[in-house]
Amino acid sequence: MPLRRRSFVGASAVTGAALAVGATTAAPAVAQPQQGRRPKRYTFTVMGTTDLHGNVFNWDYFTDKEFDDKAHNDVGLAKISTLVNKVRGEKGRRNTLLIDAGDTIQGTQLSYYYAKVDPITAKAGPVHPMAQAMNAIGYDAAALGNHEFNYGIEVLRKFEEQCEFPLLGANALDAKTLRPAFPPYSMHCLRTPHGRDVRVAVLGLTNPGIAIWDKANVQGKMVFPGLEEQAAKWVPKLRSMGADVVIVSAHSGSSGTSSYGDQLPYIENAAALVAEQVPGIDAILVGHAHTEIPEYKVANKETGKEVVLSEPLKWGQRLTLFDFDLVWSKGRWTVEKVAAKVLNSNEVAEDEKVTKLLADEHQKVVAYVNQVIGTSTAAMSAAEGPFKDVALIDLISHVQAETVKGALAGGAHAALPVLSQASCFSRTAGIPAGQVTIRDAAGLYPFENTLEARLITGAQLKDYLEYSARYYVQTAAGTPVDPAKLTNAENIPDYNYDAVYGVTYEIDIAQPSGSRIKNLSFQGQPVDAAAQFVLAVNNYRASGGGNFPHVPGAQQLWANSDEIRNTIIQWVKAQGTVDPAAFAGVDWRLTRDGVPVF
């Protein structure tokens with residue numbers, strides 16, 4: 001589909017409503033501080049969310065009940081709306097703005113349903129629930145997240161069209177013209193009591209990792225240069241256009257690290273680097289990393305000025321507040337102080353305006369995910385998946401391996417053995433004995449990953465497994481083992497630990513990282529370093545996600561555009577009955593000096 005790029009004229013028209021917020025019929029004369037008088041001051045608040053991931057309601061569609069976690073967080077835009085209304089009531093609507101830092105239209109079955117089942121792109125199709133909710137709440141601008149591209153550019157453009165606020169991406173460029181494919185910024189006018197408006201610029205930056213994570217959707221259409229580079233280009237322009245305050249909404253974490261190694265010349269989590277390297281920024285709303293940072297100050301290297309960063313927790317669990325204190329001096333507004341904090345959405349009730357607005361959409365999705373698609377002969381749980389070979393993770397790998405075998409049948413690589421990688425995405429996932437629903441199957445795979453087949457050698461497989469085994473805390477033989485403290489070494493999340501199905505091996509956790517894989521065998525024989533295998537692997541891992549070795553550069557034998565989650569659902573439908581005895585076994589185990597841990 002050809003790109004449709006909003007012109008800057010169009011972008012200005014979109015933000016015109018924001019410019020007019022709080023405007024009076026006649027602007028009073030500019031107030032000049034007189035000698036001996038106190039300088040004029042003005043305060044305003046910018047509220048921010050990020051990584052909403054399709055959450056409108058405080059509801060978990062995979063468990064079919066109200067959302068809850070160990071910390072008793074709540075989620076969803078309906079809760080955020082209540083917090084926003086409270087802040088607007090305290091500060092005055094005309095003295096606030098509301099922005100977002102991306103990853104909006106992917107993550108729940110609600111967002112999946114309106115991208116795939118009843119798509120917003122259909123003729124006379126529905127309005128996306130996230131657009132409806134954010135419009136109703138009154139967002140002023142939102143940055144693009146990397147997950148905005150998961151469903152393809154057509155879905156993203158339709159969502160953009162349905163939003164009553166601009167989607168910003170200064171570093172999302174048309175691949176041919178290298179011009180912004182989305183509005184880079186929005187400009188907002190806040191009317192003060194002193195007769196001189198405050199012009200607030202919001203610069204949107206997204207993640208350069210889109211180029212590899214969603215390569216199939218964006219290659220040849222868009223390119224994504226680094227955040228620092230584009231911020232350095234746009235911030236001076238915004239200042240020259242009269243911006244008194246510059247806020248960056250960045251779908252990029254603050255740590256200065258990347259998960260995909262050196263495959264791109266850009267840093268994935270670059271928000272703090274932007275603050276440090278680019279003069280003229282007052283605050284940055286941070287996204288992407290799914291961490292909570294109430295307030296983090298970074299000194300700009302050139303000016304010494306402190307830039308305030310804040311990242312609210314994902315899914316609408318927190319709302320960031322940036323409070324700006326301005327002073328009128330030498331004919332202009334100057335930022336004197338910025339402070340940030342977060343509000344917790346579990347302290348308020350859902351806004352009925354939002355829940356009533358989307359009640360029908362919610363019920364449609366609840367009915368959809370509760371459709372029965374098959375039966376299971378036994379219950380399967382992912383609870384022990386991070387440290388044991390469990391049947392539920394084997395199910396994911398088995399479906400992937402069978403799908404790849406079918407795709408390669410009759411071809412040049414049909415005779416090669418097919419292995420499969422899988423991760424424990426959710427320790428609460430499970431398949432019950434008896435009836436299996438869409439939500440049961442979908443809960444195994446909460447991400448929109450697709451499936452690929454890559455050609456690897458035995459030596460590369462060993463390296464891959466050694467890299468994965470870094471996940472375990474080194475534990476000497478004979479010492480007690482606490483499963484709760486055994487995993488997540490080096491802060492590696494569960495989704496970046498892979499088990500490989502189709503070979504057998506041991507992981508000796510008494511050994512240091514890099515020397516843990518023992519007795520790696522295929523069909524009872526040691527794996528030959530030169531042997532060739534096909535690895536069924538998700539596109540996130542194949543494109544470099546997690547920085548696993550060899551696979552991103554390996555020959556691609558086949559790729560599919562259907563989500564693995566959907567592949568699992570279709571497989572269960574086709575089988576009718578899921579029997580763990582047909583695919584589950586103990587292919588890998590944790591050991592210490594050859595003795596099994598469990």
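The values are calculated or read from the model by the stated rules, or taken from the named source; none is laboratory data. Just so it is clear, the structure is predicted and the values come from calculations on it, not from any experiment. Heads up, the Cβs are rebuilt from the backbone with ideal geometry, glycines too, and the neighbour counts pull from every protein chain shown. These accessible areas exclude ligands, DNA and RNA; they are computed on the full protein's heavy atoms, side chains included. Shrake-Rupley method; radii C 1.70, N 1.55, O 1.52, S 1.80 Å.
Can you tell me which residue within the stretch 455-476, out of those that are open to solvent by less than 10 Å² (accessible area, probe 1.4 Å) and under 27 Å from the mean Cα position of the chain (by Cα), is nearest to residue 501 (Cα to Cα)? Only one residue tops the list, namely 465.
Of all residues in the stretch 85-105, those satisfying the criterion of being surrounded by 23 or more Cβ atoms within 10 Å (Cβ to Cβ) and touching a residue at least 60 places away in the same chain (Cβ under 8 Å) are 97, 99, 100, 101, 102, 103.
Within the stretch 315-328, is there a residue that is modelled with pLDDT of 95 or more, of a type in the set (Gly, Ala, Ser) and open to solvent by 30 Å² or more (accessible area, probe 1.4 Å)? Scanning the stretch 315-328, I find no residue that is modelled with pLDDT of 95 or more, of a type in the set (Gly, Ala, Ser) and open to solvent by 30 Å² or more (accessible area, probe 1.4 Å), so the answer is no. Sub-6 Å Cβ pairs linking a first residue in the stretch 298-321 that is without any contact (Cβ under 8 Å) to a residue 60 or more places away in the chain to a second residue that is assigned to a loop (DSSP other than H, G, I, E, B) and aliphatic (A, V, I, L, M), at least 6 apart or interchain, are 307/281, ordered by first then second residue.
Does the stretch 211-233 contain at least one residue that is of a type in the set (Gly, Ala, Ser), assigned to a loop (DSSP other than H, G, I, E, B) and without any contact (Cβ under 8 Å) to a residue 24 or more places away in the chain? No, because not a single residue in the stretch 211-233 is of a type in the set (Gly, Ala, Ser), assigned to a loop (DSSP other than H, G, I, E, B) and without any contact (Cβ under 8 Å) to a residue 24 or more places away in the chain. Looking for something at pLDDT 95 or above and open to solvent by 30 Å² or more (accessible area, probe 1.4 Å) - is there at least one such residue anywhere in the stretch 139-146? No. The set of residues in the stretch 158-175 being more than 19 Å from residue 115 (Cβ to Cβ), of a type in the set (Asp, Glu) and in contact with a strand residue (DSSP E or B) (Cβ under 8 Å, 6 or more places away or on another chain) consists of 174 alone.
Checking each residue in the stretch 375-402 for being hydroxyl-bearing (Ser, Thr, Tyr) and either in contact with a Phe, Trp or Tyr (Cβ under 7 Å, 6 or more places away or on another chain) or open to solvent by 40 Å² or more (accessible area, probe 1.4 Å) (or both) picks out 375, 377, 381, 397.
Checking 297, 314 one by one, the residue that is in contact with a strand residue (DSSP E or B) (Cβ under 7 Å, 6 or more places away or on another chain) and basic (Lys, Arg) is 297 and no other.
Could you tell me how many of the residues in the stretch 206-227 are within 18 Å of residue 252 (Cα to Cα), open to solvent by 20 Å² or more (accessible area, probe 1.4 Å) and among the small types (Gly, Ala, Ser)? Selection size over the stretch 206-227: 1. For residue 179, the conditions (1) under 19 Å from the mean Cα position of the chain (by Cα); (2) open to solvent by 50 Å² or more (accessible area, probe 1.4 Å) all hold with the exception of (1). With respect to (1) more than 16 Å from residue 536 (Cα to Cα); (2) surrounded by fewer than 17 Cβ atoms within 10 Å (Cβ to Cβ); (3) of a type outside the set (Val, Ile, Thr), the lone exception for residue 409 is condition (1). Note on the stretch 528-585: residues that are within 31 Å of the chain's Cα centre (by Cα) and without any contact (Cβ under 8 Å) to a residue 12 or more places away in the chain amount to 2. Considering only the stretch 244-257, state which residues are under 27 Å from residue 47 (Cβ atoms), surrounded by fewer than 24 Cβ atoms within 10 Å (Cβ to Cβ) and either hydrophobic (A, V, I, L, M, F, W, C) or out of contact with any Phe, Trp or Tyr (no Cβ under 9 Å at 6 or more places or on another chain) (or both). 255, 256, listed by residue number. In the stretch 129-164, the residue that is farthest from residue 77 (Cα to Cα) out of those that are in contact with a helix residue (DSSP H, G or I) (Cβ under 7 Å, 6 or more places away or on another chain) and assigned to a loop (DSSP other than H, G, I, E, B) is 152. Looking at residue 429, is it crowded, with 23+ Cβ neighbours inside 10 Å and in contact with a Phe, Trp or Tyr (Cβ under 7 Å, 6 or more places away or on another chain)? Taking the combined requirement at face value, the residue does not satisfy it. A search for C-beta distances below 8 Å between a residue of the stretch 477-498 that is on the phi > 0 side of the Ramachandran plot and any residue that is outside any loop (DSSP other than H, G, I, E, B), counting only pairs 6+ apart in sequence or on different chains, returns 478/592; 488/471; 488/494; 490/470; 490/471. Scanning the stretch 277-310 for residues that are within 27 Å of residue 492 (Cα to Cα), open to solvent by 50 Å² or more (accessible area, probe 1.4 Å) and either not in a strand (DSSP E or B) or not charged (D, E, K, R) (or both) returns 290, 291, 292, 294, 296. For residue 361, the requirement of being in contact (Cβ under 8 Å) with a residue 60 or more places away in the chain, touching a Lys or Arg at 6+ places or on another chain (Cβ under 7 Å) and not in a strand (DSSP E or B) is not met. Of all residues in the stretch 195-205, one or more are among the basic types (Lys, Arg), under 20 Å from residue 140 (Cα atoms), open to solvent by 20 Å² or more (accessible area, probe 1.4 Å) and not in a helix (DSSP H, G or I).
In a residue-by-residue description of the stretch 185-193, the property of being surrounded by fewer than 24 Cβ atoms within 10 Å (Cβ to Cβ), within 21 Å of residue 279 (Cβ to Cβ) and in contact (Cβ under 8 Å) with a residue 24 or more places away in the chain applies to at least one position. Each residue in the stretch 414-444 was checked for being more than 14 Å from residue 572 (Cα to Cα), in a loop (DSSP other than H, G, I, E, B) and in contact (Cβ under 8 Å) with a residue 60 or more places away in the chain, and 9 pass.
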